[in-house]
Amino acid sequence: MNSMVKRLSMIAIGALVGVSLASAESELDKVMKERGLTQQDLLAAAKTYTPSGGRDKYIVFSSGGQSGQIMVYGVPSMRILKYIGVFTPEPWQGWGYDDDTKKILAEGKIRGRQITWGDTHHPALSETNGRYDGKWLVINDKANPRLAVIDLNDFVTKQIVVNPVFKSDHGGAFFTPNSNWILEACQYAAPLDNNWHPMSEYKETYRGGVTVWRFDPKIGRIKPKESFTIEFPPYMQDLSDAGKEASFGWGFTNSFNSEMYTGGIEKGLPPFEAGCSRNDTDFLHVYNWKKLAELAKDPKNVKVINGMRVVPIDVAVKNNALFLIPEPKSPHGVDVSPDGKYIVVCGKLDTHATVYSWDKIKKAIEAKDFVGKDPYGIPIIDMKKAMHCQAELGLGPLHNQFGKHWKDQGEIYTSLYVDSQVVKWNYLTCKVEDRQNVNYNIGHLCGMEGKTEDPQGEYIIALNKLAIDRFNEIGPLHPQNHQLIDIRGKKMQLLYDMPVPLGEPHQAVAIRASKLHPEVRYKMGTSPFTGKTHVGKTLAGQEHIVRKGNHVYVYGTLVRSHINPEHVTVNLGDTVTFYLTNLERAEDETHGFTVDLYNVHTSLEPGKTVAVTFKADKEGVFPYYCTEFCSALHLEMMGYLLVKDPNKHYISAKKLKMAKMSKEELEKEYKKIVATNAATDKVIQSVVKFLKENHYEKYPVIKALVEDALDQYSKIAEQKKKADEAYKKGDLEKAILFENMIWQYMVKTADVGIRARDLLVKKLATPMSEAARRGHEAYLEGGCNGCHVIGKVSSGPDLVGVLQRHKNGEKWVREWILHPEKMYDNPYIKSMTNYFNLRMPNQGMTEKQVDDIIEYLKWIDKNANLF
Ligand code: K7E
Ligand code: CUA
């Protein structure tokens, strides 16, 4: 074994299973043999494995393809973190199951029709000066031409915008370098006016184009009224890219049907695929969107179609703002280099990638050096005169990403669909440098910020269309396969396969995690979808139900572990709106809400308010409940909706005679719960004292926990008042229930408080040695904590100082753990056994474990003041 690899893997695996290096070696050899792993595998594992609690350096936003959603995962661990509901309902998040999210989905209605699916293709992250700023994410729906804006403050979709003139879009979304505009190119040409026009008039009445959407990066919204579309010939536009730096102000869009072929296989005509690929070249559209944006302000320069300002081809041509350059047939991806000086085009049916020089294009435009015009009068620039170089890459080149050394070494990576490869080459010299096989049929590839002005290198992810033999079989529909490739060395190294069971993830974009700063909670009563206070905001104590005609409004709250109100009675046929606010401030304390039968669901993250409306059109009793396992009393977090027919005469059932508790029994139960509460409170006070003495407020995470705990605790006073009042009135049943509620709050306080204390102890204590850490684990696994509480006499003696209590302490403890039965007759042990009414059992610990436990006990003694 190569000694470097061996050391590296031993450190990695040694840390993983917590064994010493010497035994890790043999353990590692064993695992390698058992699992058939090579050294290369171990190296890949060490490069991707992320220990529990670890974080990723990059966050990837991948399109969810036909799911209409977005998938979020980390690199290099490839752990999926989230699916974001976008064009498609997503039940967990209540996306499409409450009023507020239904409203966003309804923005995506096309010609009045609600469409509940989408074909997401190209996510784009907002940029400042050509670099990702971590604020907004936009994605297109190819099937139904729409764009959606996702807010990276909470990873939630905030806007859906419909393109009113296209019938499909593919070449979107692409931000301009300061996110002031977004390019969205049409795909399948069709009449812009949405009317019927016969296929025979394709050339006359069918059109493509690029919509240049105005985006306000401050508020993160597309402004349709300030947007416009550039009319293009019906060449089937494909992917696009926005120029930057040198080519700022220009846009580039491919096309694949310069033949303007219209198909007709059923009539005996050759199919689209034959007709569309007849010419050797198609057209790269080069357009000055910046100039056209100014021109479009003058109504004389636009036609308004379906409310969209459209700049006709002749206006664009007259103003020197639209040109064509031939590109090898059936191109697909077009990518502008970080400095904007080169435009790299890949042709699906060509083995080349073609690099165009912006300098040369500009010169040809300025010198009006054209080889002719297309049938629509658009000047055509000579391909040879615009070209920098061509690289022979292999079969089916599709997309490009730039590497860290793009500037001096022309570092670029291209996906080869047919050859199933990632090729590393130099776009300045057009020389191929390395190839990496992937499995199989790669579409896009994703570099780390690989299409910005500041590519990070490090990794490339291959987004493969097929997985065939990669994963366990799950039926004819396979997952797709994302493969992580290390590009830090001279040769690429394949590190990891990740199945994607969501949809076809065409493109993904990766951003440094350090650039994202999402919120932990919403400001109380906020609607995430407007960012403003929700009309239904309800605070504790404000819960109420009002009726306005046939509409019943419930102003409710959720907090561990109850929904207030718990009874809602309405008449059959009423419309019911539940306004719900999650009162929690604690991180991750999400509640959900659903009502039986009514097909509603919502997710309430801390601070959020939502509305849920439905017609109570079925009579009966409908439980509603919290759908997130939010606390130990989550199942109790429920209520009843009672829907009664006002025109019906109900016969009441005879009441069962239940045995009742006597006054004495009630009094006894009451005393018991009061005593329990007093004892629990004592524990809480001791924890609070400890936290205060040790300045918990210096540690933000602990401070947040303590605040959460104290928030729970603050609710006790009111319950206590109610309990005492009930007791005074002689209503013992009620008094017991309120005392029980106090206990609930105490348990929650203690639960969070103890978590805070443990964290604080860890912060303050001297670091544990590896052995002590293992000892602590063995201690917990052996169940020692069942009887011993560190720092306290409980069901067993306190273990603080146990090593000092006995002569030859370590030896004594060692013997005692290994063979307790031998010492049962020792008079000291006998007296202890009598006192605790328990005998130390033999836990079957190994000698090694006992050694470790002794190390742990030593650590305890060193930090005795903390317990
Ligand atoms: Cu190449 Cu839709 Cu970007 Cu798929 S697209 S691969
Ligand atoms: Cu709230 Cu379960």
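The values are calculated or read from the model by the stated rules, or taken from the named source; none is laboratory data. All of these numbers come straight from a predicted model, not from anything done at the bench. Don't worry about glycine lacking a Cβ; one is built from the backbone with ideal geometry, like all the others, and counts go over all protein chains shown. Remember, those area values only see protein heavy atoms, side chains included, never the ligands or the DNA or RNA. Shrake-Rupley method; radii C 1.70, N 1.55, O 1.52, S 1.80 Å.
Of note:
- Local electrostatic count at residue 78 - Lys and Arg +1, Asp and Glu -1, tallied over other residues with Cβ under 13 Å: 0
- Element breakdown for the stretch 131-273 at a 1.4 angstrom probe: carbon and sulfur atoms account for 55% of the accessible area.
- The stretch 206-285: GluC sites (Glu not before Pro) falling in loop per DSSP and having at most 10 other Cβ within 10 Å: none
- Restricting attention to the stretch 252-370, the count of lysine pairs at 8 or more positions apart or across chains with alpha carbons under 21 Å apart stands at 28.
- Plainly put, the stretch 52-97 has a radius of gyration that is 1.06 times its Kirkwood radius, both from alpha-carbon atoms, as the Rg/Rh ratio.
- In this structure the amide hydrogen of residue 333, modeled in the peptide plane, comes within under 5 Å of the amide hydrogens of 346, none closer than 5 places in sequence on its chain.
- Principal-axis tilt of helix 663-693 within the chain, Cα atoms, nearest 10 degrees: 60 degrees
- Sequence-distant lysines (8 or more away, or on other chains) whose Cα lies within less than 29 Å of residue 848: 6, 30, 33, 762, 763, 792, 807, 811, 822, 830, 858, 862
- With all protein chains kept in place, the per residue accessible area of the chain amounts to 47 square angstrom at a probe of 1.4 angstrom.
- On the principal axes of its alpha-carbon atoms, the chain has extents of 107, 84, 50 Å, going from largest to smallest.
- Alpha-carbon centroid distance for the pair the stretch 577-619 / the stretch 498-553, whole angstrom: 11 Å
- Against the empirical 2.2 N^0.38 Å (N residues), the stretch 26-171 has a Cα radius of gyration ratio of 1.34.
- Values of log10 I(q)/I(0), in the order q = 0.13, 0.20, 0.26 Å⁻¹, for the stretch 576-643 under a Debye, Cα-only, solvent-free model: -0.36, -0.81, -1.21
- Solvent-accessible area of residue 174 with every protein chain in place, 1.4 Å probe, in Å² to the nearest 10: 20 Å²
- For the stretch 496-555, the Kirkwood estimate of hydrodynamic radius, built from reciprocal distances between every pair of different alpha carbons, is 16.6 Å.
- Hull volume in cubic angstrom per residue (convex hull over the Cα atoms of the stretch 148-191): 84 Å³
- Across the accessible surface of the stretch 436-569, with the other protein chains kept in place and a 1.4 Å probe, carbon and sulfur atoms take up 52 percent.
- Sorting 494, 192 by accessible area puts them as 494, 192; the probe is 1.4 Å, largest comes first, and only protein heavy atoms count.
- Each 10 Å bin from 0 upward holds the following percent of the Cα-Cα pairs of the stretch 630-749: 11, 28, 28, 19, 9, 4, 1.
- Placing +1 on the Cβ of every Lys and Arg and -1 on the Cβ of every Asp and Glu, with no other charges, gives the chain a dipole of roughly 1800 debye about its Cα centre.
- Electrostatic tally near residue 466: other residues with Cβ closer than 15 Å to its Cβ, Lys and Arg +1, Asp and Glu -1, net -3.
- When nucleic acids and ligands are ignored and a 1.4 Å probe is applied, residue 517 ends up with an accessible area of around 140 Å².
- Residue 725 - accessible surface, heavy atoms, 1.4 Å probe, Å² rounded to 10: 90 Å²
- Pairs of lysines in the stretch 399-508 (C-alpha under 23 Å apart; 8 or more residues apart or interchain): 20
- In loop segments of the stretch 588-635 as defined by DSSP, the chymotrypsin sites (Phe, Trp or Tyr not before Pro) with at most 12 further C-beta atoms inside 10 Å of their C-beta are 629.
- Taking all protein chains together and a 1.4 Å probe, the residues 67, 831 rank 831, 67 from largest to smallest accessible area.
- Once the Cα atoms are used to define both axes, helix 847-862 deviates from the longest principal axis of the chain by about 80 degrees.
- Packing here is the average count of other Cβ atoms within 10 Å per residue, and on that basis the peptides 773-779, 38-44, 285-291, highest first, run 285-291, 773-779, 38-44.
- Pairwise label distance in nanometres, residue 30 with residue 698, each label 7 Å out on the Cα-Cβ vector: 4.4 nm
- Size descriptor for the stretch 345-402, Kirkwood hydrodynamic radius: 12.7 Å (Cα pairs only, one decimal).
- Degrees, to the nearest 10: 21-35 long Cα axis against longest axis of the chain: 60 degrees
- Over all pairs of different C-alpha atoms, the stretch 162-275 has a mean inverse distance whose reciprocal, the Kirkwood radius, equals 15.1 Å.
- Amide H contacts of residue 393 (H built 1.01 Å from N, in plane; Pro and chain starts excluded): 352, 353 sit under 5 Å, all sequence-distant by 5 or more or on other chains.
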